[in-house]
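In what follows, a structure is listed as structure tokens, so that the remarks can point back to it.
The values are calculated or read from the model by the stated rules, or taken from the named source; none is laboratory data. Keep in mind that what you see is a predicted model, and the values were worked out from it rather than measured. Heads up, the Cβs are rebuilt from the backbone with ideal geometry, glycines too, and the neighbour counts pull from every protein chain shown. The accessibility values were calculated without ligands, DNA or RNA, using every heavy atom of the protein model including side chains. Shrake-Rupley method; radii C 1.70, N 1.55, O 1.52, S 1.80 Å.
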Amino acid sequence: AGRAPRALVLAPTRELAAQIEESIRHYGRGQGLRTIVVFGGVGENPQIQGLRAGCDLLVATPGRLLDLAERGFVDFAAVRHFVLDEADRMLDMGFIHDIRRVIKRLPAKRQNLMFSATYTPDIRALAARILVNPVAVEVTPPNSTAERVVQRAFRVAKDDKRHLLVHLFENGANGEGPWHQALVFTRTKHGANRLAQQLDRAGIRSAAIHGNKSQAARTRALADFKAGKLTALVATEVASRGLDIRELPQVVNYDLPNVPEDYVHRIGRTARAGNDGHAVSLVSEDEAPLLRDIEKTMRQA
């Protein structure tokens, strides 16, 4: 067998794992580092071959990693650095048991690194469990939203949301003219599919991205969106993790998230790389309590 990985990076979604691997390749160009990415939803044979050939960095989602590890395809003996990316999302998605199972297989002597966009009590507890005398590095205050995001909420009847959204795409939210690109969040996979079809029928080129879509379809939709072939990308919360879209002017909460921290994540998809961003939330009567929770969390109306 080839060399065993010295660093292991765990990520919650396939998109994020693929993106981390791409970044490592980009930043590590000329370093002679071999990286392998392992996730579900695609054939395992190329991944097994890659592991046999050996690598320096292994990037993985927990499910597929444990599946291959239990069948003896992963050698953890040389791991000296263990990275948990989007740790808060890992917990939300119920990966805590898988994380523990992975940790049990790692050498006791190693460096642990945890990255999280929110610092909740759950994350504190996880940090206390897996880190030894950790140093906390905070880039922005807890749960604060990107200061450069202009946030608006429209109160609208549930049945009128779709019509208002089409109007916003055609005219903008504040006289800025038609939207060229927007990431639209729905609560459910079914809702994402339906809304993408409705927008398409209204002449707004759209695709949906969620957990039930094949990896190929998700990758294609994201590539088309980044290339400007689509005006709207309709996504569920889970699928949105790891969507790194450099210049995204608009984020729309078609449905408000149940968890206020998810709102912070969602609108943080815009206003990246020094650009300004806009976030629009469509709030129906039954979502008023969710809006209040978000305003409380962010300490702003």
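State the percentage of accessible surface on the chain attributable to carbon and sulfur atoms; use a 1.4 Å probe and exclude ligands, DNA and RNA.
Answer for the chain is 50 percent, counting heavy atoms of protein chains only.
On full extension of the chain, what length is gained from Ala77 through Thr219, given 0.36 nm per residue of separation minus the C-alpha to C-alpha distance?
47.8 nm
Just the accessible area for Glu237, please: 1.4 Å probe, Å², rounded to the nearest 10?
Here the accessible area works out near 20 Å².
Return the single residue from Gly277, Gly54, Gly28 with maximal mean-square fluctuation; model: Gaussian network over the chain, springs between Cα atoms under 10 Å.
Gly28
Out of Val139, Val149, Val79, any idea which swings most in a Gaussian network model of the chain, alpha carbons joined below 10 Å?
Val139
At 0.36 nm per residue, minus the direct Cα-Cα distance, what do His167 and Asp286 gain on full extension? Give it in nm, one decimal, please.
This chain segment gains 40.6 nm when fully extended.
Helix 215-226 versus the longest principal axis of the chain: what is the Cα-based angle in degrees, 0 to 90, to the nearest 10?
Its long axis makes an angle of about 50 degrees.
Quick one: which residues, 5+ away or cross-chain, put their amide H under 5 Å from the amide H of Val150? H built at 1.01 Å from N.
Gly277, His278, Ala279
Please report the accessible area of Arg220 (heavy atoms, 1.4 Å probe, ligands and nucleic acids excluded) in Å², nearest 10.
The value for Arg220 is about 140 Å².
Using a 1.4 angstrom probe, figure out how much accessible area the range 148-301 has per residue, in square angstrom, rounded to the nearest whole.
Per residue, the range 148-301 has an accessible area of 47 Å².
For mean projected area of the Cα convex hull in nm², the choices are (1) 16.3; (2) 14.6; (3) 17.2; which was calculated from the structure?
For mean projected area of the Cα convex hull in nm², the calculated option is (1).
What is the distance, in nm, between label points placed 7 Å from the Cα along the Cα-to-Cβ direction at Asp67 and at Asp293?
Between Asp67 and Asp293, the label points sit 3.2 nm apart.
Applying a 10 Å radius around every beta-carbon, put 116-122, 67-73, 105-111, 88-94 in order of their mean neighbour count, most first.
Values: 116-122: 16.1, 67-73: 13.6, 105-111: 11.6, 88-94: 19.9.
The packing order, highest mean first, is 88-94, 116-122, 67-73, 105-111.
Taking only protein heavy atoms into account and a 1.4 Å probe, give the accessible area per residue of the range 46-139 in Å².
Accessible surface, normalised per residue, equals 54 Å².
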